[in-house]
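To start, the structure itself, in structure tokens.
Readers should treat all values here as calculations from the given coordinates under stated rules, not as data from a laboratory. Keep in mind the model is a prediction, meaning the values are calculated, not measured. Here the Cβ positions follow ideal geometry from the backbone for every residue, glycine too, while neighbour counts run over all protein chains shown.
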Amino acid sequence: MEIEVLEGVFDANEIIAKENRALLDREGAFMINLMASPGAGKTSVIMKTLEGVSGDLNCAVIEGDIAGKVDSERIAAAGVPAIQINTGGSCHLEAKQINHALNHLNLEGVDLVIVENVGNLVCPAEFKLGEDLKVMILSVAEGHDKPLKYPLMFSECHVLIVNKIDLIPHTDFDVEELETTVLKMNPGVVIFRVSCRTGQGLQEWSAWLKKKVDTADKAT
Amino acid sequence: MALTKSRILVHLKSGPLNEDRIQMHELSVTESMLGVVLRHAQANNATKVTRINMVMGEMSTVMEDSVRFYFEIIGKDTIAQDAELNFRHTKLITKCKECGKEFEVVEYDFTCPECKGTSTEIISGREFQVESIEIS
């Protein structure tokens, strides 16, 4: 006997992602899901973003790593509440882990929650967390040919941060070609060229993010 | 409330936190798939699941071979053990929001071939779904 099921394998995750969304809406908090390869500069971008919005937005950070709490200690040392999730071998964060973390965070007064996903360009793109924005970082050292190798990540993200832009003179990285390719895959994507080392582009990114959070606040 | 002064650091480990520990991508996805199958099988008082029909989009990051590999391990000792896995693969098809043309996306270029519009919605190719199961 054949039974019709028609159920998505990611449906269970998406139900929890929606619960997270509702929880964040109730608390008036905005959440970004930051994804990139290991070494692209996720934690550095977070540190610079926290600096860039400080005084305007109260932030909290959820750190996803396979092991260790180096990143969350770095964030907490800067005086920002941080939660470390150790996935114990898993290559991505799932909505239920974020749900636990959100329930551990005191969201009262928090405007912006930044989630640092596990360093990986494949799996995190499949798992919705309940975020307002998917932000991905590609660093110059990784090469401009990555979009066609990791199409889901590049076509799903709302923002692409091209980090380590100061390295361009030392490489064959073609930033124009990268942007042309990504815009064909994802015409709505907003692209920032930044360097956490020189500070280039970070003010624009922080100002844009602040505006997004403020606009979302007014809408709720 | 000013939070910048209050330093909190909670360390969550997903092992004790979650009953079902999340592992590599396809293992976790295969577990979800098996969960969907067993729930529907039990709701229909099945004693055995003989076939699982799935739809997998071109853009899905899940690998069919890995799902087969993990299913053999985690399906063991369940009523879905030895079920035949059938995958129907779908192409990445989008619809232009400007002129309404449906087209197959080649090399992830989402530009409409008809009107050069860039605003599109995905019709298929993104899904990973259990379409039906065969039970006895």
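Residues A:CYS91, A:CYS59, arranged from fewest to most other Cβ atoms within 10 angstrom of their Cβ, appear as A:CYS91, A:CYS59. For chain A, leaving out every one of the trypsin sites (Lys or Arg not before Pro) that falls in a DSSP loop and has at most 14 other Cβ atoms within 10 Å, the longest unbroken run is A:1-148. With neighbours defined as other Cβ atoms within 10 Å of a residue's Cβ, the residues A:ASP166, A:ASP11, A:ASP111 order from fewest to most as A:ASP11, A:ASP166, A:ASP111. Summed over all non-identical Cα pairs, the Kirkwood treatment of region B:25-135 gives a radius of 15.4 Å.
Pull out a ≥ b ≥ c, the square roots of the eigenvalues of the alpha-carbon gyration tensor of the protein assembly as shown, then state rounded if a/c is under 1.5, prolate if not and a/b is larger than b/c, and oblate in the remaining case.
oblate
Here the protein assembly as shown is assigned +1 on the Cβ of each Lys and Arg and -1 on the Cβ of each Asp and Glu. Its dipole about the Cα centre then comes out at about 900 debye. Only helical runs count toward this figure. For chain A, summing -39,500 (n - 2.57) over DSSP H runs of n ≥ 4 and dividing by all residues gives -11500 deg cm²/dmol at 222 nm. When the Gaussian network model of chain A links Cα atoms closer than 10 Å, the mean-square fluctuations of A:SER155, A:SER54, A:SER206 top out at A:SER54.
How large is the dipole of region A:103-220 about the Cα centre if only Lys and Arg carry +1 and Asp and Glu carry -1, each at its Cβ, rounded to the nearest 20 debye?
100
Just to check I understand the Karplus step: with θ = phi - 60° and J = 6.51 cos²θ - 1.76 cosθ + 1.60, what whole-Hz values come out for region A:117-127, glycine and proline as x? Karplus values, whole Hz, x for Gly and Pro: 6, 5, x, 4, 9, 9, 5, x, 5, 7, 10. Among the listed pairs A:LYS48/A:LYS211; A:LYS210/B:LYS97; A:LYS134/B:LYS101; A:LYS128/A:LYS210; A:LYS42/A:LYS128, those whose Cα-Cα separation exceeds 20 Å are A:LYS210/B:LYS97; A:LYS134/B:LYS101; A:LYS128/A:LYS210. Derived scalar couplings between HN and Hα for region B:34-49 equal 5, x, 4, 4, 5, 4, 5, 5, 5, 4, 9, 6, 6, 9, 8, 9 Hz in order, rounded to whole Hz, by the Karplus curve 6.51 cos²θ - 1.76 cosθ + 1.60 (θ = phi - 60°), x for Gly and Pro. To the nearest 0.05, what FRET efficiency results for A:GLN200 and B:ASN44 with a Förster distance of 56 Å applied to their C-beta separation? That gives a FRET efficiency of 0.40. Approximating the spin labels as points 7 Å out from Cα along Cα→Cβ, the B:ASP109-to-B:LYS97 distance works out to 2.2 nm. Within the listed set A:LEU105, A:LEU121, A:LEU138, the Gaussian network model of chain A (springs between alpha-carbon atoms below 10 Å) gives the highest mean-square fluctuation for A:LEU105. Residues A:MET31, B:MET33, arranged from fewest to most other Cβ atoms within 10 angstrom of their Cβ, appear as A:MET31, B:MET33. Taking a straight Cα-Cα cut-off under 28 Å and skipping sequence neighbours fewer than 8 places away in the same chain, the lysines within cross-link reach of B:LYS48 are B:LYS76. Under a 10 Å cutoff between Cα atoms, tell me which one of A:GLU176, A:GLU73, A:GLU19 has the largest fluctuation in the Gaussian network model of chain A. Checking each option, the largest mean-square fluctuation is seen for A:GLU176.
When both region A:173-220 and region B:58-136 are represented by their alpha-carbon centers, they are found 30 Å apart.
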